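What follows is a set of notes on a single structure, which appears directly below.
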Amino acid sequence: MRRHPNLGPPLLVAENLVKSFGPTPALDGASLQVYAGEVLALMGPSGSGKSTLLHCLAGIVTPDSGTVSYDGRDMAAMSDAQRSALRRTEFGFVFQFGQLVPELTCLENVVLPLRLAGVRRREAARRAAGLLERLEVADVADKRPGQASGGQGQRVAVARALVTRPRVIFADEPTGALDSLNGERVMHLFIAAARETGAAVVLVTHEARIAAYSDREAVIRDGRVREQEYAR
Ligand SMILES: Nc1ncnc2c1ncn2[C@@H]1O[C@H](COP(=O)(O)OP(=O)(O)OP(=O)(O)O)[C@@H](O)[C@H]1O
């Protein structure tokens, strides 16, 4: 199942990123390339800069220096409107907390990004329901996130991120709230997205067991990418 190193041009390129929060350095010369169709795990000790690197790659955080380019375009040269359009149309996000709209049902949460993208109501509902089924959370489709368990809500959030078939999926500890079986299900869905739609999946994880599903692991230490390894 392992994918060989991609020889095409990288989809995302981060070069020499430096970022501090006040006196605290978060990134100190981080460089990384991300290829279409791969699942890349960012590993490393707590506070090493993994989330900050993910946020810079996604255009959520602007680095103090260094560049991020997406599909050959410098993100810093884009307007805020262009960057948010990019996040809405080409990127999908899974974060650990607070991502579902509490007033909507779980199904409506997954339907929403499709409706925003102009997909008709019935088709959107069909696709959303299909994904909830694949993640085995169809039984909470008509419940609000507050009535679902943490792990169920997390899988609904994964469905919401994948449903528009984004070109890049950014996930910060996406399996943190899940038991090992459900963590595995989520990773299989990420792998399927990478293989079936050519999406790049960039995920931050502490868990070696989860990183073992990736194609490549990059180890971040003290704000820099220190090692990269293709899984065997
Ligand atoms: N918004 C922020 N404001 C202030 N400091 C921040 C902010 N975000 C990150 N930091 C600091 O930057 C450093 C890197 O944080 P980051 O969250 O990127 O690391 P991480 O490797 O993802 O950590 P963890 O594994 O614990 O989530 C840490 O010292 C952190 O406290």
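Taking the options Val168, Val219, Val158, name whichever one is in contact with a Phe, Trp or Tyr (Cβ under 6 Å, 6 or more places away or on another chain) and surrounded by 18 or more Cβ atoms within 10 Å (Cβ to Cβ).
Residue meeting the stated conditions: Val168.
Which one is most open to solvent (accessible area, probe 1.4 Å), of the residues in the stretch 10-68 that are part of a strand (DSSP E or B) and free of Cβ contacts under 8 Å to residues at least 40 places away in the same chain?
Phe21
Please enumerate the residues belonging to the stretch 189-232 that are in a helix (DSSP H, G or I), β-branched (Val, Ile, Thr) and either touching a residue at least 60 places away in the same chain (Cβ under 8 Å) or touching a helix residue (DSSP H, G or I) at 6+ places or on another chain (Cβ under 8 Å) (or both).
The answer is Ile191, Ile210.
If you go through the stretch 192-201 one residue at a time, how many are among the aliphatic types (A, V, I, L, M) and surrounded by fewer than 18 Cβ atoms within 10 Å (Cβ to Cβ)?
Number of matching residues: 1.
Which of the residues belonging to the stretch 171-188 are open to solvent by less than 10 Å² (accessible area, probe 1.4 Å) and either within 13 Å of Gly37 (Cβ to Cβ) or assigned to a loop (DSSP other than H, G, I, E, B) (or both)?
Answer for the stretch 171-188, where residues must be open to solvent by less than 10 Å² (accessible area, probe 1.4 Å) and either within 13 Å of Gly37 (Cβ to Cβ) or assigned to a loop (DSSP other than H, G, I, E, B) (or both): Pro174, Thr175.
The values are calculated or read from the model by the stated rules, or taken from the named source; none is laboratory data. These numbers were taken from a predicted model, which means no experiment stands behind them. All Cβ positions, even for glycine, are placed from backbone atoms using ideal geometry, and neighbour counts span all protein chains on display. Surface areas here come from the heavy atoms of the whole protein model, side chains and all, with no ligands, DNA or RNA. Shrake-Rupley method; radii C 1.70, N 1.55, O 1.52, S 1.80 Å.
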